[in-house]
Structure formats: C-alpha cells, structure tokens
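The values are calculated or read from the model by the stated rules, or taken from the named source; none is laboratory data. Since the model is a prediction, treat every value here as computed from it, not as a measurement. As a convention, Cβ positions derive from the backbone with ideal geometry for all residues, glycine included, and neighbour counts pool all protein chains shown.
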Amino acid sequence: MERRQFLKIAGASVGALAVGGYGWLPIPQLGHKAQRRSVPTFCEVCFWKCGVSAAVEDGRVVKLDGLAGHPLSRGRLCPRGNGGTGLLYDPDRLKTPLIRTGSRGSQHFREATWNEALDYAASRMAEIRKKDGPESMFLFTHGSGSSFFVNLMKAYGTPNMGAPSYAQCNGPREVGFQLTYGVGVGEPEATDIANTRFLVLIGGHLGENMHNTQVQEFAEAIRRGAQVVVVDPRFSTAASKARWYLPIKPGTDLALLLAWINVLLGEGLYDRDYVERYCTGLDELKRVTANDTPEWAAGITEIPAATIRAVAREMAKQEPNVLIHPGRRTTWYGDDTQRSRAVAILNALLGSWGRPGGFFFPSGIDLPRYPIPPYPKPSRPRADGAGTSYPLADQALTSGMQEATMRGATLTGKPYPAKGWLVYDTNLLQSLPNPRQTVAALQKLDLLLVVDVLPADIAGYADVVLPECTYLERYDDLYAGTFREPFVALRQPVVAPMYNSKPGWWIARELGRRLGLSQYFPWNNIEEYLERRLQGVNLTLAEMKKRGVVTFAAGAPYIRPDHKFDTASGKIELYSPLLAKMGVDPVPRYYPVEEPPAGYLRLLFGRAPVHSFGRTTNNPVLASFMKENEAWLSESAAGQFGVRAGDRIRLVNQDGVRSNPVRANVTRRIRSDCVYLVHGFGHRTPRMRLTNGRGASDSQLITRYKTDPLMGGTGMNVNFVTIVREA
Ligand SMILES: Nc1nc2c(c(=O)[nH]1)N[C@H]1C(S)=C(S)[C@@H](COP(=O)(O)OP(=O)(O)OC[C@H]3O[C@@H](n4cnc5c(=O)[nH]c(N)nc54)[C@H](O)[C@@H]3O)O[C@H]1N2
Ligand SMILES: Nc1nc2c(c(=O)[nH]1)N[C@H]1C(S)=C(S)[C@@H](COP(=O)(O)OP(=O)(O)OC[C@H]3O[C@@H](n4cnc5c(=O)[nH]c(N)nc54)[C@H](O)[C@@H]3O)O[C@H]1N2
Ligand code: SF4
Ligand SMILES: [Mo]
C-alpha cells in the first residue's frame, strides 16, 4: 500500500515536470476548478534560505516559486527549491515518534505518542544532568530551527554545541579572512559577482553549487562579458563558461596563489593606492614571496608558467573589479586557513575588498531577542578545543578522533565523556569524516535523540526519534539577513503538518518544560514569540505573513577612505603578526600534500545542481533528475583499471573500505590522477526506500582527514581510492 502510494506520487511528479525548465507543475484534475492561494515563506532545501512563494490548491502545495522582492531569490528558486514539495509529500517521511527496541543501530523501533516519547527523552536527559552533569549532553545542529534547540541546551546547562557546517565547511575560509581583514566572508557571501569584470573560481563550482543568488549573479556576469578563470582538477560546469580553465594538480592551489602574488608584486601590477592606504606588511610579503615565481609554481601545479603570468596580468588590468572567489567548503587538505589567507591577500593586492565587483560590505539589522532569564553558567569548560587546542577556531569542532572535538571527547572520554547527543537537522553519518568513528562514538552514548524529517542514517541509531514537520508546515525563528540590504524574513506554515509530525520550536519547548526550564520558553505560542521580536523592528506578524520578507535601507556597500579594519593594526594584514607570535607562517607558504600511492587516485567530491547533500536524494521530484551518482574517471585512468564507460565499479580506499557499486562515468572532464563523486549518495538507511543503497558515499571513503592546526577544520580531500570492477 505504501509502496503503491509512493509510486503514485513519484509518477505524478515525473509526469508533471515542465519540459526544459526550472519548475514543475502538477497535472490539473479535469472538471475541477480549484481555488489557488499564495503563501510567502522561505526555503530550507539548503541553507541559503531563499524567499518562496508557495501556491496552495485544495490544501495541497502545488508549486513553489521564488518570492519577488526577496534579496536572495529575486523571484527565482534553484531547481532544488522548486522541488521542495517532493520532501513534503515524500511517503518515507517520519510520521510519528519512535522509540528504539533493538540494539543501537539495529533499526528496530516501536511507534510512540508524543507524550510518551517526550517524557522518556526528557527523563533520560534529566538523569544525565543529575548523574554526569549537564555538560555531558552535546548538541549537534544545522538549519533554521536550531535556535530553539540552542536555547534549550544553554538553559539545560551545556556549553557543547556545534555544527558540521563549520569544521567540515567554511571554517578555514572564515579564519583566513579574519586574520587578514578582521572579519570573515560571512553568509550569504558578500561577493559582488553582479558587478565583477574578472572572476576567479578556485574549486568553487557555481552552477553545480547552486546557491541561488551567486548563480544568478554568475549568469549576469557572463552575460555582461566578465572574464572567468576556473581552477579545478575537474572540468566543472563553471569551467565551460571560462576563458581560462586551469586543470590544476589537486592540492597545489597555494603555489598558484603565491605565484600570482609574486607577479603582481614583481611587475608592480597591484593596486598601489589601495595597498598603501589600507594594508600593512607589504615589504614582508614581497620578501617572503620573492622566489614564488610562475616557473616555480608551474612545476608544482602543472599549469604552464606563461599561463600563470598571463592570467595575473589580465586580472590586474581589471583592478579593482576583480573577485578571487573565496569558495565555501574550503576543508580540503588541512592547510586550508593558510590557502584562504592567500586568497584574501591576493584580493587585497587587487584592491577588491570593499570595491565594486569584488566584495561589498553587507548590511544587517539588529533583531532583538525575546527576553529570557540569563542562562546558567556551565561548571566545566567546553569539551572541544575551539579557542584552546585550535586557537583560532571561533565555533565548536565536531569531529576528530584523539583531537579536542565533540566526537573525539565522546570516543576518548577526555576531557570528560559525552553521555548524550541531541542531533537536530544534521546527518552526522554523512557530514562528519570517517563515519566508522561516528558509529563508535554513538555506541558509547547512553542517550541519542534525533530530530529529523526523514529516517536519515543517523536516526537509525537513535533511542528516540522525534519527527519534525517540514519547512512548508511550520513556523521557525525569524531570519535576519545580512546581504546587499538588510532584511527580515518569515517562515510560516504553508499547509498544516502532515501525520503526527511537529515543529522544532514545539519539540524544544516541550522538552524544556519537562526539564523544568519553562522560564526559557516564556511565550504561550510561537506567534506571540515572533510578534514580540518583530516589534523590535517595528513590524507586525500580520504584515510579515502577507509579505514574507521586509527589506531595510542598506549602508554604504563600498570602502571609504578612512575605513578602519578590525585587526590589531587596523589595516589589512598581508603579514600577520598574530601568526608570527603563534610560531606559524605569517605569510602563507606552500607545502606539498601527500601524493596517491601507485595504483591509487585521489578522491574528490562536490555538488550536483539538483541535490543538497544527502538530504534530497530521497525526494521523488529531485531523484527523478538524478537518482544515483557516478564515479568520474579519466579515459587514461579507466584504461589503467580496465574500466569502460557505464561499468559498475567499486572504489576501495587506502584503508580497504569499499564503496557500494557505482557506475563509471569515463570522461575527458577530469584529470587522470583523481576520481570525483557527487556527495550525498550511498545512504544506508532502509526506511529511505528511494535512495537506500543507491550510488556511492564519499563520506564512507573518507576514513582519513588532515586537521587544520589553526582552526581544527578537517581537510577531507586526502583519501585515495583504487578501482575494482563488479563481476
Ligand atoms: N563527505 C563529505 N562530508 C561533508 C561534505 C561533503 O561534501 N562531503 N560537505 C560538508 C558541508 S559543506 C556541510 S555544510 C555539511 C552539511 O551537513 P549536514 O549539516 O549534516 O547537512 P545535510 O547533509 O543536509 O543533513 C541534514 C539532515 O537534516 C535532515 N533535515 C532536512 N530538513 C530538515 C528539517 O526541516 N528539520 C529537521 N529536523 N531535519 C531536517 C535531513 O533529513 C538530514 O538528515 O556537511 C559537510 N560534510
Ligand atoms: N546544488 C547544491 N549546491 C550547494 C550545496 C548542495 O548540497 N547542493 N551545498 C552548499 C554548501 S553548504 C557548500 S559549502 C557549497 C560547496 O561548494 P564549493 O565551495 O563551490 O565547492 P567545494 O565543495 O569546496 O569544492 C568542490 C569543487 O572543488 C574541486 N576540487 C577538488 N579538489 C580541488 C583542488 O585541490 N583544487 C581545486 N582548485 N579544486 C578542487 C572539485 O572538482 C569540485 O569542482 O555548495 C553549496 N551549494
Ligand atoms: S539555493 Fe535553492 S535549495 Fe537553497 S534555499 Fe535557495 S532555492 Fe532553496
Ligand atoms: Mo557547506
């Protein structure tokens, strides 16, 4: 019955796809004229949070479009956002609370009422608080609903909370830019792609990475004739739009960046006025990079010296309307803060920070919090090493084995053991490197609570699974956006929650009440909470429900002559006294990364335009475009392993871990020293029937990572695979 229902939904969605376009329409029912209404809200299919206008007919969401006037979507969604109804109507959704009956991870659960599940979860949390102290309960989060769970856990008394979207994502970039400019790049990235004349993408694969505003601006830039350089071992979608495609040897980008710096300095092509006014450390930078010539870098990067030099000269011609894009997931090789710093320095030499076509200064708005009593002060310091073992980390570190991280503390019991994890909106078995260690950590826990919309891999290990309703069925906290103009956006229910699912704010508050923390949730209902916060910026909930988003006046987007940077010197630090004091390179230096052994290729991974991580692979609408990933292999690598296009192969990594079978995509679009997978496939979760076992998981093959000594990011492009053909 469920299976048939599922096929019906999948079938209907596929049949309804608009040909060749963004967006899809359901097949109209003949002879019935439905009333259509539109509800504004914002998307959660990824973390960019575009404004959505949802069309509802007869209580069903029939179409999702971009909300006009929303600064992030500007009237359009990306294909994933258009396909969000596939999650709402996914028959595999979590429908009711579950309590584990078998051993942890055995996937045996029984259905429970909310009262029973919440009573049980809260009583176990209370036990931990009493016996082991509240610090022993860790929170892992991501996504818009997080704030209610962060509030819950701070009230409960733990300092341990983190997200894989830091140490597995853009943490190194943020720290590299903070060291240089005193601030990070931030999210959504304040890159002025719309006005750029020269865009350099280093790995950043816009077009596959579908962050909506960036992709829209990228398309505009190309239309306007901006020149594009793509540096990627794989011929990405963006590479097909580029004037220069540089198929760099993986792991050598820092050498290329230093060579570009060397040319700009050596040939006097940098923005002299800008550097004189705003920067410090030019002489040291010159001295340290004096021998980092294109000829030197050519031998390392496998990009000809003449090309390196020519590109540097061309970028200088477009100064300052140049953007060396900082990328986003910068956790590549463990030297990532330094590589990001080199990107930051190069931008400074081009005068692009705070200039049209480079980086703009984003504007935000202060949205007051709902007043609550002060949180208790935890009696033990946090268990991870952010700010201590990893001095420059400004957010919690989630993974790592012997290292000072949340997972590491759970495994080693040092500095103190975790007894419970609350996991909200993050699938740690795919987002943390080396999932075997994550499983080992889970097995040490007394309590695992998972709040998810789907029976994701992590939910399979939970003691209690709490089903959240989807973003189309709930209110969340307000989103105060910091971008070209400040804005406040509302997420509101487009339709009522299906099944026995509940919003995150309600789940957090119910747990809080049962833990005696009602004073931290002093509002009677979520509308009262939102209304109170909106008052702080002279808005009402009624107006927000109609408009979905309100924008405010922007500050000056570009730099002023007297601008002071938030660094110790008040200037852009080309040479970092702070790093010198820490005994590390004050100017980034290149160090070779480990090479694949004979018979192995480096494993690289990235995004597909129609999927977000592993959170959409079970979405029938999006899966109809791509239901499994492929392993990209060069012709010569395929020849070496006797593989032909379309063969089913397995990737086996340096530690003997074997992937699921995956189809070989034999292509000229990748260097012969690497293999590429789209991240998010290869789920092991039988209740996600559409995606379970389909494609190969990059996460599973990432048994090694290299930790960034400055901020604890986990460089994950350091695994090697060999290839075996399936019989
Ligand atoms: N191997 C490997 N690891 C990676 C990456 C990679 O490319 N490869 N990328 C890294 C990056 S850049 C990032 S940002 C992180 C992201 O990693 P995560 O933060 O783990 O993000 P997702 O993989 O999207 O997992 C989201 C989980 O939330 C659930 N979910 C979806 N919507 C909702 C909702 O509305 N409510 C609740 N409660 N749950 C919901 C999904 O079912 C899924 O289980 O992963 C990092 N880790
Ligand atoms: N469709 C879609 N879009 C997304 C997401 C999604 O899940 N789906 N996730 C969003 C999130 S949270 C993030 S963080 C971003 C991540 O997206 P980005 O920051 O754009 O990309 P990365 O994951 O860092 O890198 C992937 C690219 O780097 C190349 N690469 C690998 N190794 C090297 C190397 O050594 N040198 C160079 N120069 N290139 C290399 C790969 O071939 C690939 O093209 O995407 C965002 N956008
Ligand atoms: S970029 Fe796409 S998936 Fe992400 S929030 Fe925007 S529309 Fe949704
Ligand atoms: Mo990310």
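Annotations
- Those residues of region 342-391 which are outside any helix (DSSP H, G or I), of a type in the set (S, T, N, Q) and touching a Pro at 6+ places or on another chain (Cβ under 9 Å), in sequence order: S352, S363, S379, T388
- Across region 149-170, the number of residues qualifying as within 11 Å of ligand 1 (Cβ to nearest atom) and closer than 24 Å to C469 by Cβ comes to 4.
- Between A255, A242, A226, A259, the distinction of being touching a Pro at 6+ places or on another chain (Cβ under 6 Å) and away from ligand 1 (no atom under 16 Å from the Cβ) belongs to A259 only.
- R369 crowded, with 22+ Cβ neighbours inside 10 Å and not hydroxyl-bearing (S, T, Y): no
- Unique residue being modelled with pLDDT of 95 or more, of a type in the set (G, A, S), within 13 Å of ligand 1 (Cβ to nearest atom) and out of contact with any Lys or Arg (no Cβ under 8 Å at 6 or more places or on another chain) when the list is S699, S636: S699
- All conditions but one from (1) within 16 Å of ligand 2 (Cβ to nearest atom); (2) more than 25 Å from M210 (Cβ to Cβ) apply to F613; the one that does not is (2).
- Within region 659-688, restricting attention to residues that are in a strand (DSSP E or B) and within 16 Å of ligand 1 (Cβ to nearest atom), the residue that is surrounded by the most Cβ atoms within 10 Å (Cβ to Cβ) is V675.
- Selection status of V175, among the β-branched types (V, I, T), closer than 30 Å to L323 by Cβ, surrounded by fewer than 22 Cβ atoms within 10 Å (Cβ to Cβ) and modelled with pLDDT of 95 or more: no
- Residues that are out of contact with any Phe, Trp or Tyr (no Cβ under 6 Å at 6 or more places or on another chain) and not in a loop (DSSP other than H, G, I, E, B), drawn from region 392-426: R407, G408, A409, T410, L411, T412, G420, L422
Here is a yes/no grid of residues against (1) in a loop (DSSP other than H, G, I, E, B); (2) over 12 Å from Y370 (Cβ atoms); (3) of a type in the set (D, E):
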position: L511; (1), (2), (3): no, yes, no
position: L530; (1), (2), (3): no, no, no
position: L534; (1), (2), (3): no, no, no
position: E543; (1), (2), (3): no, yes, yes
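- Only residues that are closer than 25 Å to M716 by Cα, in contact with a helix residue (DSSP H, G or I) (Cβ under 9 Å, 6 or more places away or on another chain) and small (G, A, S) were counted in region 370-408, giving 8.
- Of the residues in region 572-583, at least one is closer than 30 Å to A297 by Cβ, part of a loop (DSSP other than H, G, I, E, B) and touching a strand residue (DSSP E or B) at 6+ places or on another chain (Cβ under 6 Å).
- Filter result for A342 (more than 25 Å from G207 (Cα to Cα) and either among the hydrophobic types (A, V, I, L, M, F, W, C) or touching a Ser or Thr at 6+ places or on another chain (Cβ under 7 Å) (or both)): no
- Selected residue [buried (at least 16 other Cβ atoms within 10 Å of the Cβ), more than 15 Å from F681 (Cβ to Cβ) and within 16 Å of ligand 1 (Cβ to nearest atom)] from P586, P609, P620, P596: P620
- Scoring L701 on the criteria (1) of a type in the set (A, V, I, L, M, F, W, C); (2) farther than 24 Å from Q107 by Cα; (3) under 23 Å from the mean Cα position of the chain (by Cα); (4) more than 16 Å from ligand 4 (Cβ to nearest atom) leaves a single failure, condition (2).
- Taking every residue in region 162-179 that is over 15 Å from Y424 (Cβ atoms) and pairing it with any residue that is of a type in the set (F, W, Y) and more than 8 Å from ligand 4 (Cβ to nearest atom), at least 6 positions away or on another chain, yields no pair with a Cβ-Cβ distance below 7 Å.
- Residues (touching a Lys or Arg at 6+ places or on another chain (Cβ under 6 Å) and either under 21 Å from N262 (Cα atoms) or touching a residue at least 24 places away in the same chain (Cβ under 8 Å) (or both)) located in region 569-609: P588, P596
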